[in-house]
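Structure first, commentary second.
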Amino acid sequence: MNEETFNLSIRKFLKMVGVNSQREIEQAVAKAVAAGTIAGADTLAASMTLRIGALRLEVEFDGEIHLE
């Protein structure tokens, strides 16, 4: 295993996940605010699950997203 290739690949994957997740969250929040489903000052509970089937890895991350 090449450690440098491995680490770069992990970083690339996490960057892709981060950028795409942020875009999806921003769009969903904008839509919910426009529809009146949430207020602009809410705190949203959030969770993210990381799965790598070949490693039988499944880890859940929990947190909050503050809108104000």
Mind running the shape call on the chain? Use the C-alpha gyration tensor, a ≥ b ≥ c as the square roots of the eigenvalues: rounded below 1.5 for a/c, prolate if a/b tops b/c, oblate otherwise.
prolate
For residue 39 and residue 19, what does the FRET efficiency come to when R0 = 30 Å and r is the distance between their Cβ atoms, rounded to the nearest 0.05?
0.70
Taking 49-61, 30-42 and ranking on average Cβ neighbours within 10 Å, highest first, one gets 30-42, 49-61
If you take the charge dipole of the chain about its Cα centre, with +1 on Lys and Arg Cβ and -1 on Asp and Glu Cβ, which of 53, 2, 27 is farthest toward its positive end?
2
For the chain, give the percent of accessible area contributed by carbon and sulfur heavy atoms, probe 1.4 Å, rounded to a whole number.
57
Per-residue ³J(HN,Hα) for segment 28-41, Karplus 6.51 cos²θ - 1.76 cosθ + 1.60, θ = phi - 60°, Hz, x for Gly and Pro
5, 5, 4, 5, 5, 5, 4, 7, x, 5, 10, 8, x, 10
Rounded accessible area per residue of the chain, 1.4 Å, Å²
87
Given points 7 Å out from each Cα along the Cα-Cβ axis, report the residue 30 to residue 9 separation in nanometres with one decimal.
3.5
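The values are calculated or read from the model by the stated rules, or taken from the named source; none is laboratory data. Since we're looking at a predicted model, the values are computed, not measured. Cβ sites come from the backbone with ideal geometry, for glycine too, and all protein chains shown count toward neighbours. Heads up: the accessible areas ignore ligands, DNA and RNA and are worked out on the full protein's heavy atoms, side chains in. Shrake-Rupley method; radii C 1.70, N 1.55, O 1.52, S 1.80 Å.
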